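What follows is a single structure, written as structure tokens, with notes after it.
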Amino acid sequence: MKINTNLKRLIREYEFLLEDIDDVLEIHKTANQELNRAIRMAKDDDIDESEFEKDEVEEDEVETFEDTPERKVLKKLFRKIVFKCHPDRLPTGTSESEKAKMQDLYEKAVLAHDRDNWGLMVVVAIKLDIKLPKEAKDMVGRIAEETESLRTQVSQLTNSFAWQWYHSEEELRSKMIGDYLNTLKRIKQKNATKKKENKKILVVGHPRTGTGYTAKLLQSWGLDVQHERMGKDGISHWGMAVGGDNPVIFGEFIDNMTFNSVEWDTIIYCVRDPKDSIPSIAYTENTNKESFEYRMKWGEFNSKDNPIVDAINSIVSWDKLIQSLEPDFVFRIENQGKELFDFLKQKKIAKTYSEDMLNLKYNQRNHGGWDNELKRRFNQVPRKYLNEINNYCIKHGYKPLKIE
């Protein structure tokens, strides 16, 4: 395969970022630890540690991968690489510098094999002048995708408060902590003196799982519950799942409003069959950078460069967030409209039943379904993620995910 100048430059950046992310993660972990230690020493007794302590970045768990056709091609390419650069197979008389180079390429190939990383495997093969199979040539574009993902991760970490504090002069560090603690105090004082507004209903869910539809359904029963803006009786907004005093960045109603700034009589959690929601999330919601980064931040997951895995991680993490809010009713949007009304009637919230909105499409977006590309990517999903989404399915009364 002929390597053009642009590909050479991309490979150099990709390899640099692979090494850089390890250094950045290590520094960021240290920065978080030292920042939290400094805040503990500077804080007043009326500020609890849970109000500022940040979770450290967790290392990825070891994953196991299904033997898909694509995985078999990657393993075949891996064997060719091992045959050429394994330390025990090098010819007698190989120079020390060449041994070191081959050792480095061998270790990268092992890493690529263990992480199912096509981009890195292709880079190693190119460097060893190994002819790529057709399937591998189709994966060259993944180098660019993985480079962009690494670039984003590095940017997020190096722009974090902990990183900026850690790399500042001592005098500025003290000021940054002081400003941070003063902000926490102002928020606490404001929340303590502000009278909470009471609303009948909060509807939460994951994007593309029916928050818009549920708002319309409640409206058909005479309740003023609006989608992503506050109505007289409440709101239906997926972003409110973050809970606490955390700001919600989506929707025009949000000025100074958080989950804790309102007393909610009833919390409804709407869910949708992942077989239907995943294509919608993959094609429309995960392409919205602002939405996706917001969900990665609060869901505490990173992009895996597979739209199906990203959708699964987002659904599962959002499910955990919402469950922590202790919802009063979990509503399957496909078939539980009457059950939801009966629940609200029992709580004397809804009185007038109507079937006008039942099963009607609302806030529908045009996108592909389980087309050949999504099916192909589904077949690459590691068992770990399939188990997670199928546990979600079983918990909420859906059939385990199986795409033919």
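Quick note: the coordinates plus some simple rules give every number you see, no bench work behind them. This one's a predicted model, so the numbers in the text were calculated from it and none came from an experiment. Note that each Cβ is placed from the backbone with ideal geometry, even for glycine, and that neighbours are counted across all protein chains shown.
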Taking the dipole about the Cα centre of the chain, with the C-beta of Lys and Arg at +1 and of Asp and Glu at -1, give me whichever of Q33, S168, Q156 is farthest to the positive side.
Q156
Given 0.36 nm per residue, what is the gain on full extension from K338 to E170 after removing their alpha carbon distance, in nm?
54.3 nm
Run the reach check for K200 against lysines, Cα to Cα strictly under 26 Å, same-chain hits fewer than 8 apart removed. What comes back?
K188, K190, K216, K232, K320, K338, K345, K347, K348, K351, K361
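What is the magnitude of the charge dipole of the chain about its Cα centre, with +1 placed on the Cβ of each Lys and Arg, -1 on the Cβ of each Asp and Glu, and no other charges, expressed in debye to the nearest 20?
Working: 65 positive and 71 negative charges, 294 e Å.
That gives the chain a dipole magnitude of about 1420 debye.
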In a Gaussian network model over the chain where Cα atoms closer than 10 Å are linked, find which of K101, K375, K196 has the largest mean-square fluctuation.
K101
Mind telling me which of T214, T30, T94 comes out most flexible in a GNM of the chain, alpha-carbon contacts under 10 Å?
T94
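Among C270, C85, C393, rank each residue by its count of other Cβ atoms within 10 Å, from fewest to most, as a rough exposure measure. Mind showing how you got there, number by number?
Details: C270 27, C85 24, C393 18.
Ordered from fewest to most neighbouring Cβ atoms within 10 Å, C270, C85, C393 come out as C393, C85, C270.
Using just the helices of the chain, give the 222 nm mean residue ellipticity in deg cm²/dmol: DSSP H runs with n ≥ 4 each add -39,500 (n - 2.57), and the total is spread over all residues, rounded to 500.
Working: 15 runs with 214 residues, N = 404.
Value at 222 nm, helices only: -17000 deg cm²/dmol.
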Least to most buried among S160, S174, S324 (fewest other Cβ within 10 Å first):
S324, S174, S160
List, largest first, the extents of the alpha carbons of region 280-327 along their principal axes, each in whole Å.
30, 18, 18
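Say R0 is 35 Å: what FRET efficiency, to the nearest 0.05, do K289 and T92 get from their beta-carbon distance?
Values: r = 54 Å, r/R0 = 1.53.
Between K289 and T92 the formula returns 0.05.
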Using a Förster distance of 60 Å, the FRET efficiency for Q323-F83 (Cβ separation, nearest 0.05)
0.75
Can you give me the angle between helix 383-395 and the longest principal axis of the chain, using Cα atoms only, in degrees from 0 to 90, rounded to the nearest 10?
10
Choice from Q189, Q164, Q336 with maximal GNM fluctuation in the chain (Cα, 10 Å cutoff):
Q189
So for the pair N387, K29, with labels modelled 7 Å out along Cα→Cβ, what separation do we get in nm?
2.3
Answer rounded, prolate or oblate for the chain, using the Cα gyration tensor with square roots of eigenvalues a ≥ b ≥ c: rounded when a/c is under 1.5, else prolate when a/b is larger than b/c, else oblate.
oblate
Once the other residues with Cβ under 13 Å from the Cβ of M176 are scored (Lys, Arg +1; Asp, Glu -1), what is the net sum?
-3
Folded to 0 to 90 degrees: helix 211-220 orientation relative to the chain principal axis, Cα:
20
Reachable lysines from K29, Cα under 17 Å, same-chain residues fewer than 8 places away excluded?
K54, K297
State, to one decimal in nm², a quarter of the convex hull surface area for the C-alpha atoms of region 196-395, i.e. the direction-averaged projected area.
10.8
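Relative to the present Cα-Cα distance, how much length would full extension add between R229 and K347 at 0.36 nm per residue of separation? Numbers along the way, then the final one.
Values: separation 118, 0.36 × 118 = 42.48 nm, distance 2.34 nm.
Length gained, R229 through K347: 40.1 nm.
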